[in-house]
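The values are calculated or read from the model by the stated rules, or taken from the named source; none is laboratory data. As the structure is a computational prediction, the values presented were derived from the model and not from experiment. Cβ placement follows ideal geometry from the backbone for every residue including glycine, while neighbour counts extend to all protein chains displayed. Surface accessibility is based on the protein's heavy atoms, side chains included, excluding ligands, DNA and RNA. Shrake-Rupley method; radii C 1.70, N 1.55, O 1.52, S 1.80 Å.
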Amino acid sequence: MATLNIDSLGNSDDVVMPGRDPIWDSITAEAMLEAEKEPILSSFLYASILSHDCLERALGFVLADKLHDSTLLETQLMDIFNYAMMNDSGFQHAIRQDIQAFKDRDPACASYSWALLYLKGYHSLESYRVAHVLWNQGQKFLALTLQSRINEVWAVDIHPAAKIGEGVLLDHGTGLVIGETAVVENNVCLMQGVTLGGTGKQTGSRHPKVGQGAHIGAGAIILGNITVGKGAMVAAGSLVLKDVPPFSMVEGNPAKVVGYLEDDDPSTTMKHGQTKF
């Protein structure tokens, strides 16, 4: 992909989104209903959702509105977000898988529009995805600038080089730290205060790798180039320094295996502590 030039991004408006989009249809229907119920929100809902023709542009507006400051202008951010999202079908798929994860797995998220408008876990995750695109294009300074703003606004610190899959739920998000060489596979749930960190000053791959469908509880600290296996659960407040077997539950400081899960996908069921021995 060519290096981003924010002075020449108007051609992203020429991209046409093919086919029907049930998630976007639901979001617009929800916004129209709420605008009728709460007229005081009609301008807000029009600016954030109803004035846009697709999820990508609405999300770009919402994120730019929240992240801009006196030197990082809202219009510039909207151009960057639109460029990253409108020209990458993989990105488009990821933001839909993510919002579906929030809708399906967070009982506090009653609709798609709630995630789009209000949930900072979703906001910080999709903003990270833009920073990741910039990083991979070699625009590391701009990527780090965006990472810094994400941290300032939402207290979520995800290095733009980290690799995060689709259908990921950042529940609450506050205090989340994901290091440069961390890998988070599809359908993982990370609760607030989770750290995927390194140890010492070594270079190279030095951060955790979290397998598909794993669930990491609030305040858990996972350090070093270790693996949390597919479908595993790390209990809240645990300190993990060794590999976690697939479909196991670990807890404690240091964390130890205390059982194996009855459900194959704890990040989907969101059941804490459902173990068999």
How do the peptides 27-33, 70-76 rank, highest first, by the average count of neighbouring beta carbon atoms within 10 Å per residue? 27-33, 70-76
Just how many % of Cα pairs in the stretch 25-168 lie over 26 Å apart, if you round to the nearest whole percent? 20
What are the ³J(HN,Hα) values, in whole Hz, obtained from phi via the Karplus relation 6.51 cos²θ - 1.76 cosθ + 1.60 with θ = phi - 60°, for each residue of the stretch 221-229 in sequence order, with x given for Gly and Pro? 10, 10, 10, x, 7, 10, 10, 9, x
Within the accessible area of the stretch 111-266, what % is carbon and sulfur when the probe is 1.4 Å and the other protein chains stay in place? 54
Once normalised by the length of the chain, the mean sequence separation of its alpha carbon contacts under 8 Å that are 6 or more apart gives a contact order in percent of 10
For the chain, the per residue accessible area (1.4 Å probe, Å²) is 45
Which whole-number percent of Cα pairs in the stretch 60-128 have a distance greater than 21 Å? 26
Angle check, please: helix 120-136 long axis (alpha carbons) against the longest principal axis of the chain (alpha carbons), in degrees 0 to 90, nearest 10. 90
Given the Cα-Cα distance of residue 253 and residue 186 and 0.36 nm per residue of separation, how much length would full extension add, in nm? 21.4 nm
With the cut-off at 30 Å, tell me which of the pairs 201/256; 120/163; 66/201; 66/242 have Cα atoms farther apart than that. 66/201; 66/242
